[in-house]
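Just so it is clear, none of the values below were taken in a lab; they were calculated from the coordinates. The structure presented is a predicted model; accordingly, all values stated were derived computationally and were not measured. Cβ placement follows ideal geometry from the backbone for every residue including glycine, while neighbour counts extend to all protein chains displayed.
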Amino acid sequence: MKPPNWPNWNELQHSFAKALSTPSLRVPPPITSEQSPRPEKRFNIYRNNVFASLIEVLAGRYPAIETLVGEEYFAALAKAFIRAHPPRNPVMITYGGAFPNFLEQFEPLADLPYLPDVARLEWAWNTAYYAADATPLSPQDLTIVAPDEIARLVLQLHPSLSILNSPFPARSIWQASIDGKDLSGLKLDQGGEESAVVRPYRHVNVIALPNGASVFLNAIKQGAPLGVAVEQAMSHDMSFDFQANLTGLLSNGMLTGFTVTPA
């Protein structure tokens, strides 16, 4: 039987979670300590451990961001994110996906406009790492397609694949940060970069895409037949090379299957 004055369980969970993320709040009753007359001290220890664990999770998801802003600033930034976006799922591999958008809206980082896209690349890496396995398509698999059917091909992309199109050299910034290289040679006005993140086998690969490739891939992702996807890519960039792009998709394990739409 529930003791007298014991709060509703859902209300207690809500107040407990809110107190964890808000240091100014007191320990929600009836929570107490059997070994201390001041449960606040033990609750503060627990609160600090929760934040430290979640900061460690975010640092593992976003190592390049931590390098770019510094460990101390990243910890403060992560705390602000945790308060705004506490975990909603007990599975920690899903935590942190809102971080790139949080960075985009975080006013103190307005002078570092490339950070959100670097973070999006890092989240894509994390997503690819945990994505389902799938056997990539080989060039030989397409030899059964008749020439007059090529435009009607609907290609299936690898489940780990993410496509990123940034107005900044986000991939180069990420790579330099991961490799511990000097960033002084990178210029924000050197042009944007199109990238793909995929794990066709055991390792996650971050791949530079040629111009127009992201438009081509996004059209395929939306289920467009190959002929339509090529048209969209060429309308975006007349230098789009279909043969080179298809070869790149196959060699990098980005495709897993295909169907042919009726004539």
Can you give the angle from 0 to 90° between the axis of helix 170-179 and the longest principal axis of the chain, with both taken from C-alpha atoms, to the nearest 10?
60 degrees
Anchor Lys41: lysines whose Cα lies under 21 Å away (excluding residues fewer than 8 positions away in-chain):
Lys18, Lys79
Where does helix 226-236 land angle-wise versus the long Cα axis of the chain, in degrees 0 to 90, nearest 10?
80 degrees
Starting from 0.36 nm per residue, how many nanometres of slack lie between Asn205 and Ala52 once their C-alpha separation is accounted for?
52.1 nm
Most fluctuating residue given options Ala213, Ala78, Ala131, as computed from a GNM of the chain linking Cα atoms under 10 Å
Ala131
Points 7 angstrom from Cα along the Cβ direction at Glu71 and Arg42: gap in nanometres?
3.2 nm
Rh by Kirkwood over Cα pairs, then Stokes-Einstein D for region 129-263 at 1.306 mPa s and 10 °C, µm²/s
100 µm²/s
Using only helices, what value at 222 nm comes out for the chain when you add -39,500 (n - 2.57) per DSSP H run of length 4 or more and divide by the total residues, to the nearest 500 deg cm²/dmol?
-14000 deg cm²/dmol
Taking θ as phi - 60°, what are the ³J(HN,Hα) couplings along region 60-70 by the Karplus curve (6.51, -1.76, 1.60), each to the nearest whole Hz, with x for Gly and Pro?
x, 6, 10, x, 5, 4, 4, 5, 5, 9, x
Which of Ile45, Ile178, Ile163 ends up with the largest GNM mean-square fluctuation for the chain, with Cα atoms connected below 10 Å?
Ile45
Run the quick spin-label model on Ser251 and Val91: label points 7 Å from Cα toward the beta carbon, then report their separation in nm to one decimal.
3.5 nm
Helix axis angle, 9-21 relative to the chain longest principal axis, alpha carbon, degrees:
80 degrees
With Rg and Dmax of the Cα atoms in Å defined as stated, name the option among (1) 21.1, 68; (2) 18.3, 57; (3) 24.0, 81 computed from the structure displayed.
(3)
